[in-house]
Amino acid sequence: MSAAEHPERTVDYVTFALAPATRAGAVLPRGALQSHRDFLDYIVGGRPLLQLLDDVDAVSPLAADLGPSIFAAHVRRLLLEETPALPVTDGRQVLYGCPECEDLACGAVTAVVERSGDDFIWRDLVWQTDERADPGLNGYPGIGPFRFRGADYRAALEGVLAVPPAGERRRVLLLGKRAAVLNRLASALRQVGIGAEITADITGADAAELRTYGAVAFGRAVPDEQRAAVRAAFAAADADAAFVTGLAPVIPVLVAQIEEALDRTPAERRRLTGLATRDGEVAFRLLEPTAVQLTAYRLDRLYRTRTEPLLDDLLEAGEHRCALDAKTARGESFVVARTASGVQVLPAGGGRAL
């Protein structure tokens, strides 16, 4: 009697969850580039499934650099709500694929995903390189089958598409032409608890998924017509995301801009107001005593980032000023102001959009 015939009698329950994972980028010996990929890994029985597969060089389809419609489609495939991506639809779904492309010839970890009552079962995991899988030749003996409680499985997968309240949408969609900047920005955002996905096109994106984003960040090279199309798509989806244009390819500045855009705190409740530069100084007003950190970021003639700490102190309520050095005041520079309750970004010199 096989697990496929009577899974409810032969497959024990294991827990299911999702967790962030990274496939690090690198420069290979002959100069080829290995792509950096951020994705969600499956935590099966408390352990990342990728580790059980001897850390095969692959990423799950739930990758951060996919467009929203593609990401949502992969989630729904694992919920058996959409047709599998494989050429032969025999119940198999892609669990991991090539980090560099989507070509099945490069290899993919696939499994039969099926329902048993309210539960979901993954069985017959294989390394697949052709239209049809061969568990006998390329299977993973001793790994699986896995039986997941339906409610937990659904909650984990549907949770990545859930629409939180406006003030809690810590998720941003990044659009731009400079892949290196976008990848570094996405990684930095995740380190401060902000989910980030990269896309070049949102055509066909599901309206419900667009409503999960609290902000959209545009790179300087994104043309006006594309910006207008993105805004129109979000408006049609009744999604009230904030739209941000990056000031410079300086990751701390971009992160701060996005943090500021995601902050829906009413202006009257913010401790720091009136941030401005004038006469070679940064001026601001505090509504109550609080710690303030001011940092200036400047791009030099070689487009390198120069960082200058300006202030890090506990200040009383009232008006305050902080001097800028001459290069910061004149050059392409930006000031990031942080308090315990928020962050603000200000062009301090000849700043221009990213």
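The values are calculated or read from the model by the stated rules, or taken from the named source; none is laboratory data. Remember, it's a predicted structure, so these values are computed and weren't measured experimentally. Cβ sites come from the backbone with ideal geometry, for glycine too, and all protein chains shown count toward neighbours. Keep in mind that these areas ignore ligands, DNA and RNA; they rest on the heavy atoms of the full protein, side chains included. Shrake-Rupley method; radii C 1.70, N 1.55, O 1.52, S 1.80 Å.
For Thr15 and Ala317, the FRET efficiency from 1/(1 + (r/R0)^6), where r spans their Cβ atoms and R0 equals 51 Å, is about 0.55. A helix-only calculation puts the chain at -6000 deg cm²/dmol for mean residue ellipticity at 222 nm, using -39500 (n - 2.57) for each DSSP H run of at least four residues, averaged over all residues.
For the stretch 167-264, divide the Cα radius of gyration by the Kirkwood radius and give the resulting Rg/Rh value with two decimals.
0.92
Run the accessible area of the stretch 167-264 with a 1.4 Å probe and give the carbon-and-sulfur part as a rounded percent. Percent of accessible area from carbon and sulfur atoms in the stretch 167-264: 51. Exposed loop positions in the chain were taken to be trypsin sites (Lys or Arg not before Pro) whose DSSP state is not H, G, I, E or B and which have at most 13 other beta-carbon atoms within 10 angstrom. Between these positions, the longest stretch is 31-131.
The value obtained for the chain, namely the Cα convex hull volume divided by the number of residues, is 167 Å³ per residue. Heavy-atom accessible area with a 1.4 Å probe sorts Tyr297, Tyr213, largest first, into Tyr297, Tyr213. Rolling a 1.4 Å probe across the protein heavy atoms gives the stretch 13-162 an accessible surface of 47 Å² per residue.
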